[in-house]
Amino acid sequence: MATAHANIQALTAARFETPAKFTQFCENGGQPLGGYIGGQSVPGSMNATFETVDPGSLEVLARVSEMAESEVDRAVAAAQAAFAGNGVNGWRDFPVDERCELVMKLVELADRDRDVLLACEIRDGGKVSELAEGDVDQIRACAEYFCDVAKRIPLGDGPSQEVADGVRGFTYREPWGVVAGIIPWNYPIVLTSWFMFPALLSGNCIIIKPAEDTPLSALYLAKLAEEAGFPPGVINVLPGRGELTGQAIAEHPGIRYISFTGSPGVGQHILRTCDRHGTRMKREMGGNGSAIVLDDADPQVVARMIGRHANQHFGQTCCTIHRVFVDKKIADDFIDAERDFFENLKIGYQAEEGTQLGAVINPTQMSRILRAQADAIARGGEPLVAGGPAEVQGRKGFYLKPALYRTNPGVHCNPQEVFHTFATICPVSSAEEALELANSTPYGLGASVWTKDVDRGIALAKKFRDGTCQVNCHNSIAYGLPYGGQGISGGPGAGVNCEETFRDYTQVKAVYVSEYPEA
Ligand code: NDP
């Protein structure tokens, strides 16, 4: 039995050799990588560049041109032209089968260059291979799901109904036109796929704004899209800082719809900007995920499972577990087992065999996390695993130790999303008390219940306010089921990865038709 527990491990790195094709792409013949607009690589009118680095070694991977307001204008114009074509052969007029064919060609090229895309996630994004492999798989899974949806959900005229004598009405569903996806750094390939496939397959032309910390995968996908034969202007990529490139996207009235994934503060800011000129916006934002452990759970097994989920991408996963509420009857054993799991995470370079906790993405994140660790103690959290900076021999990088605290009901030492392997454990007297505490947060993204009594677990899980509620699992996603947040974690609508997501990328009009009035 002891061996069975030990088999539940944190996601772990295999050794990763950087492929020459990735290095060649990054070097770009000695020139900075440009943005991708209207089928061309564009250096950017400001002549400004930024560096993207490997967070675990601080090696500069590539120099990238920053896109300014005039490039946003240019990308919107290119996308509008590609959408409309010359009136008959725009992207909006492509039959669904042809859109699917191009998307699947892109997927095949992504499969061919899987090692390059893995390098983007592992080297640029700082991920361990076990997670990165699963992320790259999402390109195909997401594309196949939305090709199927696109074939099932018709655009154009809906059924007609009589609305008055001699008057009929029907709906008309069409793509928005130009839509933009603003993407965070933690899951660049997954979140770019989740945006681009439903947006493209419903007939929109797109602008992708990757995060400044992880621009490489979106730029590489644009290169593959060109090779696949997408018409120029259908896919555009604008790398740059949020406050410059992202802000110019949010302010552009030619963009009809924005899909934003990132932090609640930035999402709320963009929403206010979009509202000024009527651009619709969908937000998928951060969480402060919770787990409830009931008294019948095996504390050893569940502590390891929760540890695995709390450490997914080193706690830099939006719905990961940061707050645990455990029944008092098993709390001591659970806490011992969780402390053991956290203390034994192998801290190291993300491309080296055996690493389970790599560097965080940038120095700003590092200082935010250290502040949150100090704050947790100042607010009454009892440190079980102390956190603080970590050393990794032979590597410069943004390395931190995990942090675990014991709390009590009424101790508010973990109020905000801390994007690291950072969790509090609060012993509780009942499932009802645990639920009340789990729900007493403005976030509402992901939560789980852990129990041998699955029916009891389901009944409790349904009472979470979160968009994703799980029993004996966490961080699950599946195409066909919505992934979205409540409270400050997201909205409006169901979330991503379901049929409603596809419809979000379209607008519906009501068309009324009356007989021509006789004089
Ligand atoms: P941010 O909110 O800081 O950034 C997200 C994106 O917005 C980046 O591309 C950023 O650019 C851009 N941005 C920043 N400021 C502006 C602005 N004024 N106008 C337009 N765009 C702007 O989030 P992080 O990148 O730090 O990502 C982590 C967050 O994302 C966490 O809160 C996490 O929980 C959440 N997240 C939510 C998911 C979900 O599905 N609910 C999934 C994954 C992450 P740049 O980075 O270049 O400055």
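The values are calculated or read from the model by the stated rules, or taken from the named source; none is laboratory data. Here the structure is a predicted model, which means the values were calculated and not measured. Cβ coordinates were reconstructed from backbone atoms using ideal geometry, including for glycine residues, and neighbour counts include every protein chain displayed. Just the protein is used for accessible areas: all its heavy atoms, side chains included, with ligands, DNA and RNA removed. Shrake-Rupley method; radii C 1.70, N 1.55, O 1.52, S 1.80 Å.
Here are some notes:
- The stretch 391-422-the stretch 227-306 distance, computed between alpha-carbon centres (Å): 23 Å
- Phi-derived couplings, Karplus 6.51 cos²θ - 1.76 cosθ + 1.60 at θ = phi - 60°, listed residue by residue for the stretch 349-363: 6, 5, 9, 9, 2, x, 5, 10, 9, x, 6, 7, 6, 7, x Hz, with x used for Gly and Pro.
- Residue order by solvent-accessible surface for L238, L11, L271 is L271, L11, L238, largest first, with ligands and nucleic acids left out and a 1.4 Å probe.
- A probe of 1.4 angstrom, applied to the heavy atoms of all protein chains, finds D213 with accessible area near 50 square angstrom.
- Accessible area of L219 in the full protein assembly, 1.4 Å probe (Å², nearest 10): 10 Å²
- Under 5 Å, built H, 5+ apart or other chain: amide partners of A48: E66
- At q = 0.12, 0.18 Å⁻¹ the log10 of I(q)/I(0) for the stretch 287-471 amounts to -0.52, -1.14, computed by Debye summation with a single uniform scatterer per C-alpha, solvent ignored.
- Solvent-free Debye scattering, log10 I(q)/I(0), computed from the Cα coordinates of the chain at q = 0.11 Å⁻¹: -0.95
- Put simply, the C-alpha atoms of the stretch 1-134 give a gyration tensor, and the ellipsoid matching it has half-axes of 36, 24, 13 Å, longest first.
- Legend: residues H322, H269, H5, sorted from most to least accessible area (1.4 Å probe; ligands, DNA and RNA excluded), read H269, H5, H322.
- Karplus (6.51, -1.76, 1.60) ³J(HN,Hα), θ = phi - 60°, over the stretch 386-398, in Hz, Gly and Pro reported as x: 7, x, x, x, 10, 9, 10, 4, x, 10, 9, x, 8
- Acute angle (nearest 10 degrees) that the helix 299-310 long axis makes with the longest principal axis of the chain, alpha-carbon atoms: 40 degrees
- Taken per residue, the accessible surface of the chain reaches 40 Å², heavy atoms only and a 1.4 Å probe.
- Between the helical axis of 129-152 and the longest alpha-carbon principal axis of the chain there is an angle of about 40 degrees.
- Within the accessible surface of the chain, defined with a 1.4 Å probe on protein heavy atoms only, the carbon and sulfur portion equals 50 percent.
- Residue-averaged 222 nm ellipticity for the chain, from DSSP H runs of 4+ at -39500 (n - 2.57), nearest 500: -11500 deg cm²/dmol
- Based on Cα contacts under 8 Å between residues 6+ apart, the stretch 17-159 shows a relative contact order of 21 percent.
- Which listed pairs, of K105/K209; K282/K346; K328/K462; K21/K151; K346/K396, have C-alpha distances above 26 Å, in listed order: K282/K346; K21/K151
- Taking label positions 7 Å along the Cα-Cβ direction at both V88 and A374, the computed distance is 6.9 nm, reported to one decimal.
- Helix axis angle, 69-84 relative to the chain longest principal axis, alpha carbon, degrees: 60 degrees
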